Amino acid sequence: MYNFLYKLVFRLHNCERGFESKTKHSLLIKRSSQYRFRGTVKGERVTNEDSMPGLERLADQLGKTKLRPVHEWHPASTGDMALRIARNGTWYYRDSPINRRRLVRLLASVMRKDDDGYCLVTPTEKLRIRVEDVPFLIVEMEQDGAGDTQRLLFRTNVDDVIAVDEHHPIVVTNDPLTGEPSPYVRVRDRLDALISRPVFYQLADLAVERDGTHSGELGVWSCSSFFVLGQSS
């Protein structure tokens with residue numbers, strides 16, 4: 001019933017664990033009039049983008065993520081999949097980590113969050129998965145400009161690049177017992193990313209106190225909007 005997603009994960013995940021010995025295999029996963037996915041068993045293509053300075057590289061990638069129309073897909077076949085996303089951004093299939101980035105990026109491209117939780121969706125099937133916190137992790141940040149006109153660019157662990165703005169806001173929650181902050185940013189639709197500790201430290205270095213009626217609030221500017229990170233002591 002769930003041929004596409006199960007075969008995709010099983011074949012590529014087993015390949016990375018050594019179940020196939022050839023250096024490179026072309027895997028034709030599925031064809032339809034709507035989408036076509038390909039993968040390789042070993043190696044990732046290196047591009048000139050890898051040698052670009054951080055800001056230039058992220059700015060070049062901004063808005064280039066190809067989003068699949070997952071909200072237009074309403075398959076009759078539904079079920080559960082033994083796939084888990086840990087809070088640190090690691091993906092697990094049957095409790096074994098998936099180290100192949102291409103596979104993780106492909107699966108992330110067909111993810112959505114419904115009222116009954118997170119799921120992977122194709123035109124023919126919907127499989128619920130387990131997410132410990134949020135599905136993505138912010139692993140890189142670059143600053144473009146300064147002051148209230150600056151723009152902050154984030155990159156996720158699946159290489160989505162977003163600019164922090166009113167559509168991609170930063171929200172910080174605090175643990176009621178420890179007071180430890182958990183910063184998040186909206187990536188797309190109802191899918192959020194946890195801001196990693198190193199990136200949050202970068203944000204803290206840019207934090208300024210907001211003027212006016214909200215005095216005492218520390219935060220950062222991006223795309224002419226102010227995002228609160230915490231309170232000044």
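Things to note:
- Taking the conditions (1) of a type in the set (G, A, S); (2) farther than 19 Å from Q61 by Cβ; (3) in contact with a Phe, Trp or Tyr (Cβ under 7 Å, 6 or more places away or on another chain) in turn, A204 satisfies each one other than (3).
- Just one residue in the set R128, R151 is basic (K, R), touching a Gly at 6+ places or on another chain (Cβ under 8 Å) and closer than 30 Å to Q231 by Cβ; that residue is R151.
- When the strands (runs of 3 or more DSSP E) confined to segment 96-151 are screened for residues that are touching a strand residue (DSSP E or B) at 6+ places or on another chain (Cβ under 9 Å) and buried (at least 20 other Cβ atoms within 10 Å of the Cβ), those reaching at least 3 such residues are found at 117-121, 125-131, 136-144.
- For segment 202-223, the set of residues classified as modelled with pLDDT of 95 or more and either hydroxyl-bearing (S, T, Y) or closer than 26 Å to G117 by Cβ (or both) consists of S222 only.
- Some residue of segment 171-181 being crowded, with 20+ Cβ neighbours inside 10 Å and touching a residue at least 24 places away in the same chain (Cβ under 8 Å): no
- Test: V187 is buried (at least 16 other Cβ atoms within 10 Å of the Cβ) and over 21 Å from E56 (Cβ atoms): yes
- For segment 127-158, filtered to residues that are aliphatic (A, V, I, L, M) and farther than 24 Å from A86 by Cβ, the residue that is modelled with the lowest pLDDT is A146.
- Count of segment 72-92 residues which are within 26 Å of S182 (Cβ to Cβ), aromatic (F, W, Y) and either loosely packed, with under 12 Cβ neighbours inside 10 Å or in contact (Cβ under 8 Å) with a residue 12 or more places away in the chain (or both): 1
- Subset of segment 91-126 [modelled with pLDDT of 95 or more and either assigned by TED's automatic domain parsing to the domain that holds R188 or among the aromatic types (F, W, Y) (or both)]: W91, Y92, Y118
- Of K42, K66, all but one fail to be under 24 Å from L191 (Cβ atoms), at pLDDT below 80 and among the charged types (D, E, K, R); the exception is K66.
- Residues (polar (S, T, N, Q) and farther than 17 Å from L137 by Cα) located in segment 150-192: Q150, N174, T178
The values are calculated or read from the model by the stated rules, or taken from the named source; none is laboratory data. Here the structure is a predicted model, which is why all the values come from computation and not from measurement. Glycine also receives a Cβ, built like all others from the backbone with ideal geometry; neighbour counts cover every protein chain displayed.
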